[in-house]
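Below is one structure, written out as structure tokens; the observations come after it.
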Amino acid sequence: MAGEDCVRKRQSGTTTTCKTPENEETQRRPESERSCQNSSNGRVDVDHVITRKMQLIAEAEQLKPAFMKEVDSHFTEFVNSLVAKSALLDSSSSASLFPASCSEKDLHKAKTLRAPPEHGKIFTARRSLLDELFEVSHIRTIYHMFIALLIVFILSTLLVDFIDEGRLVLGFDLLVYAFGQFPVVFCTWLYMFCATVFIPYNLFVWWAQGYCSSSHRVLRSFFYGVLLTLFQTVGLGFASTCIVISYALPPASSFIVTMEQIRLIMKSYSFVRENVPRVLYAVKDKSSTVPIPRISQYLYFLFAPTLIYRDNYPRSPVIRWGYVATKFAQVLGSLFYAYYIFVRLCIPQFRNSSQETFNLRGLVLCIFNSILPGVLILFLAFFAFLHCWLNAFAEMLRFADRMFYKDWWNSTSYANYYRTWNVVVHDWLYYYAYRDFLWFFRKKFKAAAMLFVFAVSAAVHEYVLCISFGYFYPVLFCLFMCFGMVFNFILNDRRKGPIWNVIMWTSLFLGQGVIICLYSQEWYARRYCPVENPTFLDYLKPRSWSCHMKM
């Protein structure tokens with residue numbers, strides 16, 4: 001009917017505007033849309049659209065920093081609240097285990113007991129951080145840059161060898177030497193693994209089965225504890241170390257044996273440490289059954305990429321064999337990457353260093369020239385082992401908790417760096433060294449507990465390098481116990497600004513330069529300056545000092 005009224009008004013010559021539904025909708029549209037539609041020639045005003053779009057983009061860019069800051073603030077508050085609630089739950093758990101009607105004597109006994117395993121580390125299904133970051137194209141580009149750098153190293157090596165030799169030299173003599181005597185390595189590992197499967201498990205089973213009915217429980221526990229300690233120190237520690245020394249295994253082969261030795265010692269200790277309290281609680285509660293894990297659960301734990309024992313872990317639904325193959329290929333690529341770093345950046349520099357007179361200028365230049373290869377080796381070790389190797393085994397075992405590391409590169413303090421660089425080892429040190437130390441001294445001497453953890457970690461790191469290289473040169477131990485401890489208290493968790501992240505990275509770079517420089521000089525000094533009929537002190541005294549002086 002509105003259309004008929006318009007026709008009548010046109011016929012009567014009036015100029016009144018007709019308000020049809022179409023016109024009303026047009027009136028309600030935004031001015032920008034009407035201006036686009038009402039252009040003179042019926043075409044869209046492209047310039048106006050582009051201008052408006054640029055304005056919206058500019059407004060979005062202005063809002064982005066504030067939005068990201070707000071999201072980060074809320075996320076930080078959420079995580080802090082979650083951690084606080086978790087700590088509160090952990091602190092109140094001991095009280096919830098015992099009813100309020102318990103006597104003061106019972107409560108005192110309860111305080112002296114250790115918490116059961118369920119109150120320790122909680123495993124949950126989660127992906128590794130790099131797997132999530134590599135889904136972002138910007139982060140993936142950094143990965144591509146490292147691949148491009150590897151290609152440059154390969155081309156440089158091939159071209160130099162072609163110019164020097166007149167042909168392509170495709171041999172990998174350094175890798176062949178470093179991983180030599182593989183049959184000895186495999187047989188040693190097989191011995192250590194089989195011994196770890198049967199001896200700690202059976203010792204625990206025999207202790208647990210007779211503990212309830214034993215009339216001398218303390219003596220029984222002490223006896224089996226001594227047997228386990230003898231196995232770990234003599235059967236795993238001393239025996240495998242003697243094999244490495246007697247067969248003069250090359251560095252990489254020695255490193256594999258020593259790392260497997262330490263890993264199996266830590267795993268067997270975790271198995272006993274987590275299950276003994278369960279037996280004690282079962283006996284205390286007068287339970288009819290003794291909780292003894294199955295051998296299959298223990299065997300799964302020995303292969304699982306964790307050092308904390310649990311009867312069960314979160315499992316992923318399927319095995320992605322393509323993912324496994326990719327991770328092992330990346331490990332192999334990292335080995336070749338390290339090979340070219342040593343060939344192009346380390347060997348040419350240190351091969352002639354022992355033929356030069358020692359002076360302070362040469363030492364400073366050596367340290368700063370070693371920073372680049374040292375940092376690259378650090379990145380490769382992190383990526384190849386903590387990300388690729390552990391994720392490959394986690395995928396094959398359907399182990400769903402993939403938090404083997406955290407964002408250590410964002411650390412503004414060394415305390416946070418130590419917690420996030422290697423979460424697998426940190427968890428073991430925290431629960432079995434730091435917390436047990438505090439439990440033993442009734443939560444006193446926290447500084448002494450931290451010093452104890454630092455000393456254990458530094459001694460183990462130096463032990464690995466000493467056995468792998470075949471000489472004692474405690475550079476890493478001194479860096480750990482001196483600079484590491486100082487930086488841990490100076491660069492603590494209260495340092496939050498970006499400048500502290502820069503300071504952390506600068507000190508880390510310098511530390512890597514010192515390690516590569518001094519250990520490489522000592523390696524070549526012991527090759528170029530052998531000592532006839534060496535005494536015990538000759539093995540402890542740095543050869544690089546006297547070798548330089550002789551030259």
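The values are calculated or read from the model by the stated rules, or taken from the named source; none is laboratory data. Every value quoted in this text rests on a predicted model; they were computed, and no experiment measured them. Here Cβ is always computed from backbone atoms with ideal geometry, including for glycine, and neighbour counts include all displayed protein chains. Please note that ligands, DNA and RNA were not included when accessible areas were found on the heavy atoms of the full protein model with its side chains. Shrake-Rupley method; radii C 1.70, N 1.55, O 1.52, S 1.80 Å.
So what is the relative contact order for segment 197-278, in percent, with contacts set as C-alpha pairs under 8 Å and at least six apart?
On the way: 26 pairs, mean separation 26.8, N = 82.
Here the relative contact order equals 33 percent.
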If amide H atoms are built 1.01 Å from N in the plane of the peptide, which residues on other chains or at least 5 residues away come under 5 Å of the amide H of Phe399? Ser316
Accessible surface, per residue, of segment 150-204 when the full set of protein chains is kept, probe 1.4 Å, Å²: 62 Å²
Given the peptides 387-398, 475-486, arrange them by the average over their residues of other C-beta atoms within 10 Å, most packed first. 387-398, 475-486
By average Cβ neighbour count within 10 Å, what is the ranking of 339-349, 263-273 from highest down? 263-273, 339-349
Tell me, what % of the accessible area of segment 171-313 is carbon and sulfur with a 1.4 angstrom probe? 73 percent
How many nm separate the modelled label positions at Thr124 and Leu397, each set 7 Å beyond the Cα in the direction of the Cβ? 2.1 nm
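Given a 1.4 Å probe and heavy atoms of the protein chains only, how would you sort Tyr418, Tyr405, largest accessible area at the top?
Largest accessible area first, the list is Tyr418, Tyr405.
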Sort 359-368, 453-462 for me by packing, meaning the mean count of neighbouring Cβ atoms within 10 Å per residue, highest on top. 453-462, 359-368
Just the number, please: carbon plus sulfur as a percent of the accessible area of segment 406-550, 1.4 Å probe, no ligands or DNA/RNA counted. 70 percent
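Summing +1 for each Lys or Arg and -1 for each Asp or Glu, what net charge is found among the other residues whose Cβ lies under 14 Å from the Cβ of Phe204?
Details: positive: Arg220, Lys267, Arg273, Arg278, Arg294; negative: Glu274, Asp311.
Computed value for this residue: +3.
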Mind grabbing the accessible area of Asp285 for me, 1.4 Å probe, Å², rounded to tens? 110 Å²
